[in-house]
1. Select from the range 286-321 the residues that are assigned to a loop (DSSP other than H, G, I, E, B) and either in contact with a Leu (Cβ under 8 Å, 6 or more places away or on another chain) or closer than 20 Å to L46 by Cβ (or both) and list them in ascending order.
2. Which one is farthest from the chain's Cα centre (by Cα), of the residues in the range 13-34 that are at pLDDT below 95 and surrounded by 10 or more Cβ atoms within 10 Å (Cβ to Cβ)?
3. Based on what the data block shows, is G69 farther than 27 Å from G196 by Cα, open to solvent by less than 60 Å² (accessible area, probe 1.4 Å), in a helix (DSSP H, G or I) and at pLDDT 95 or above?
4. Tell me, which residue of the range 324-350 that is assigned to a helix (DSSP H, G or I) and open to solvent by 60 Å² or more (accessible area, probe 1.4 Å) is nearest to S43 (Cα to Cα)?
5. On the phi > 0 side of the Ramachandran plot, at pLDDT 95 or above, outside any strand (DSSP E or B) and among the small types (G, A, S) - does that describe any residue in the range 233-243?
6. Regarding S304, is this residue in contact (Cβ under 8 Å) with a residue 60 or more places away in the chain and of a type in the set (S, T, Y)?
7. If you go through the range 93-111 one residue at a time, how many are over 14 Å from I140 (Cβ atoms), in contact with a helix residue (DSSP H, G or I) (Cβ under 6 Å, 6 or more places away or on another chain), buried (at least 21 other Cβ atoms within 10 Å of the Cβ) and not acidic (D, E)?
8. Looking at the range 220-227, is at least one residue open to solvent by 10 Å² or more (accessible area, probe 1.4 Å), among the hydrophobic types (A, V, I, L, M, F, W, C) and either in contact with a Ser or Thr (Cβ under 6 Å, 6 or more places away or on another chain) or outside any loop (DSSP other than H, G, I, E, B) (or both)?
Amino acid sequence: MTFENTLAYAKSLDEKDPLAKYRDEFNFPEVNGKQVIYFTGNSLGLQPKRAVEYVNEVMKDWGALAVEGHFYAEKPWWDYHERLSEPLSRIVGAKSSEITVMNTLTVNLHLLMTTFYRPTASKYKIICEEKAFPSDQYLIQSQVRLHGLDPKETIIELKKRPGEHNFRLEDILEKIDEVGEEIALVLIGGLNYYTGQVFDIKTITAHAHQYGAKVGWDLAHAAGNIALKLHEWNVDFAAWCSYKYMNAGPGSVSGCFIHERYHTDKDLIRLAGWWGHNKERRFLMEKKFDAVESAHGWQISNPSILSLAPYLASIEMFDEVGMEALITKQREITAYLEFIMEDVAKAVNANYELITPKKETERGSQLSVFLHGKGKDLFSYLMNEGVIVDWREPNVVRLAPVPFYTSYEDIYRFGEILKKADSLF
């Protein structure tokens, strides 16, 4: 598209935006009495107004019904988590039986690695990306030690080429070929939290499967943000948090995908609990574990209904809109943000570097900018001006325009605020 850096043009885009009405579905913070420009949905999404209603419904049922709420609440707690499987399956490209919600992200990755990381003397290595999100680094290291292995000999990190900010697909595939039959597991973030780069999940998964490796994905920054086809791509397992692009609230419950080919294998090792036991026989309190033949068979305890409620409220909006419409706007509004930043850079001779890929299929709702010079000063300036952005060491600001609630006028006004910071470039 040919963009323009004018208020009238930005407003014209908003007028044509079929998702514009959803902005009013969210509560915005204020700074100095003004509604903020919120670019941090990749860290914590805004609060959906209907989430408050769903939580209040649970509180009301708890007060009125107490334990009977498990079976007689308006949305009985007994199977509350099952309501999320169908809409989530459409968000991540799966069958509803392949989706469950439980615990939090890193906990779920630990549980899934218990099943899918079964090292042997000859097949034990794990491939991950260098400088993965710290939780992923810690969980992989601790899982390796749990099996009595040395992380230095077991964990193989994918590297970027010197002087480059993003991984090259050919280098990833070459590393898989190099490690070959020794690979037990490939576990990568589907979208790199630091740069915003989207990995080629389909190609990487298929390539690793040639060597008999299991392939899992941390989709914390990908779920609800980019197009996913987990079932079709033959992914073994995946997990994601719900509080970023899916707006389920701080620390809310995590989603999991487990491919259907594993659902009926009762010999799979897993850390079991009674909520994963045969639903029809659960209250018989049987001694032997009999797993539910779906992703719900990886459940351990009954999930937190108060965490599920805002998640359900949010993904109902996803179901109303559909991922195709969200991704269409995501690509356009991210491109407009890139255009505005480039236009401002020319006007004030700004000294920054975009490290997110420019190709729309290789990024989601995020632009990461490497700031040369007074980066932290610029971050503080923006925050004080009511532009909520995210700072990552050593010198990167991440900006995430979210299709549900970011307007094109937000992008334009951000550019005007950025112009006034010319002394900080």
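The values are calculated or read from the model by the stated rules, or taken from the named source; none is laboratory data. Since we're looking at a predicted model, the values are computed, not measured. Virtual Cβ from ideal backbone geometry, glycine too; neighbours counted across all protein chains shown. Please note that ligands, DNA and RNA were not included when accessible areas were found on the heavy atoms of the full protein model with its side chains. Shrake-Rupley method; radii C 1.70, N 1.55, O 1.52, S 1.80 Å.
1. Of all residues in the range 286-321, those assigned to a loop (DSSP other than H, G, I, E, B) come to 286-290, 292-294, 299-304.
Residue satisfying the conditions is I300 alone.
2. K34
3. Numbers: farther than 27 Å from G196 by Cα: yes; open to solvent by less than 60 Å² (accessible area, probe 1.4 Å): yes; in a helix (DSSP H, G or I): yes; at pLDDT 95 or above: yes.
Criteria met by G69.
4. Start the filter on the range 324-350 by keeping residues that are assigned to a helix (DSSP H, G or I), which leaves 324-348.
Checking which are open to solvent by 60 Å² or more (accessible area, probe 1.4 Å) leaves us with 324, 328, 331, 342, 346-347.
On the way: E324: 22, T328: 21, R331: 19, E342: 24, K346: 29, A347: 30 Å.
Among them, the one singled out is R331.
5. Here is the first cut: in the range 233-243, the ones on the phi > 0 side of the Ramachandran plot are 234.
Narrowing the set further to residues that are at pLDDT 95 or above leaves 234.
The next check asks that each one be outside any strand (DSSP E or B); those that pass are 234.
Next, only the ones that are among the small types (G, A, S) stay: none.
No, the conditions are met nowhere in the range 233-243.
6. Details: in contact (Cβ under 8 Å) with a residue 60 or more places away in the chain: no; of a type in the set (S, T, Y): yes.
Criteria not met by S304.
7. The qualifying residues number 3.
8. Scanning the range 220-227 turns up no residue that is open to solvent by 10 Å² or more (accessible area, probe 1.4 Å), among the hydrophobic types (A, V, I, L, M, F, W, C) and either in contact with a Ser or Thr (Cβ under 6 Å, 6 or more places away or on another chain) or outside any loop (DSSP other than H, G, I, E, B) (or both).
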